[in-house]
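Working notes, beginning with the structure itself.
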Amino acid sequence: MSIPEAICLVGCGQVYDTIAAEPDAYACGAQWSLRPVEGVAALAGSARALLEDLDAAATRLFVAVDAQALNFARLELYGVARMAGLRMATLVHPTAWVSPGSQLADNVWVGPGVRVAAGCRVDSDVMLMQGVRLDHGVHIGAHGWVGPGAALGTGVKVGTHSCIGADVQLRAGITVGRHCCIDHPGPLRHDLSDGCFLETEMSSMARIVGAGYSFQKMRGRH
């Protein structure tokens, strides 16, 4: 009889704590090991040490780090793991529903109550938090984050390293560029170009320009 693969959960923050609280929900017979990290500030210097003794043939790794620094903090671990030849897990909570006609890449977390419709594509290292809804044909680029209760309409496209906040509603057909952060609950009805930030504390949208920010008025759109 074959021995089930082990799953190693490594990381810190809300995603890590949520998965670690009920590992049996994802286990599928596998043995679990937990490797908490003290905080994201420690990742750059400790990533290799955290992973160096893992048996790549017998273990799948899941990197669970929150959306700090547009998900680059999580990439510190994910990138080292991939370069080391480690195999990554994808974890789907038993209360989530993922259409057989959708595609989930490696190191994707599908949290409790998430709904992923047919034709969706979720690229590597994306966290879908509790209650997220992805309608038909949504594409989320790698190293992304979709917050609790967010809803992405039919055909929405989200670029790499972008964060969609809690209860954000993206209208069908819009495109959100790379390195964007939307933390403004409610509907968004227009495209966002690369590097745009939209938050409740801001009176207008900010975009990364070189080493700083420029501010652009939303002209009543959000």
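Couple of notes before you dig in:
- Considering the conditions (1) closer than 16 Å to VAL108 by Cα; (2) surrounded by 15 or more Cβ atoms within 10 Å (Cβ to Cβ), ALA47 is excluded by exactly one of them, (1).
- Within the range 14-35, tally of residues that are under 20 Å from MET127 (Cβ atoms), at pLDDT 85 or above and either in contact with a strand residue (DSSP E or B) (Cβ under 6 Å, 6 or more places away or on another chain) or surrounded by fewer than 12 Cβ atoms within 10 Å (Cβ to Cβ) (or both): 8
- Looking at the range 126-221, the strands (runs of 3 or more DSSP E) lying wholly inside it that each contain 3 or more residues that are closer than 20 Å to ALA69 by Cα and either β-branched (Val, Ile, Thr) or modelled with pLDDT under 95 (or both) sit at 181-183, 196-199, 205-209, 212-216.
- ASP17 out of contact with any His (no Cβ under 9 Å at 6 or more places or on another chain), part of a loop (DSSP other than H, G, I, E, B), of a type in the set (D, E, K, R) and over 30 Å from HIS136 (Cβ atoms): no
- Residue list for the range 82-124, restricted to those being assigned to a loop (DSSP other than H, G, I, E, B), in contact with a helix residue (DSSP H, G or I) (Cβ under 7 Å, 6 or more places away or on another chain) and surrounded by fewer than 18 Cβ atoms within 10 Å (Cβ to Cβ): ALA84, PRO94
- So VAL176, is it open to solvent by less than 20 Å² (accessible area, probe 1.4 Å), of a type in the set (Val, Ile, Thr) and under 21 Å from GLY113 (Cα atoms): no
The values are calculated or read from the model by the stated rules, or taken from the named source; none is laboratory data. In this text, all values refer to a predicted model and were calculated from it rather than measured experimentally. All Cβ positions, glycine included, derive from the backbone under ideal geometry; neighbour counts span all protein chains shown. For the accessible areas, the whole protein counts, side chains as well, though only heavy atoms, and no ligand, DNA or RNA atoms are used. Shrake-Rupley method; radii C 1.70, N 1.55, O 1.52, S 1.80 Å.
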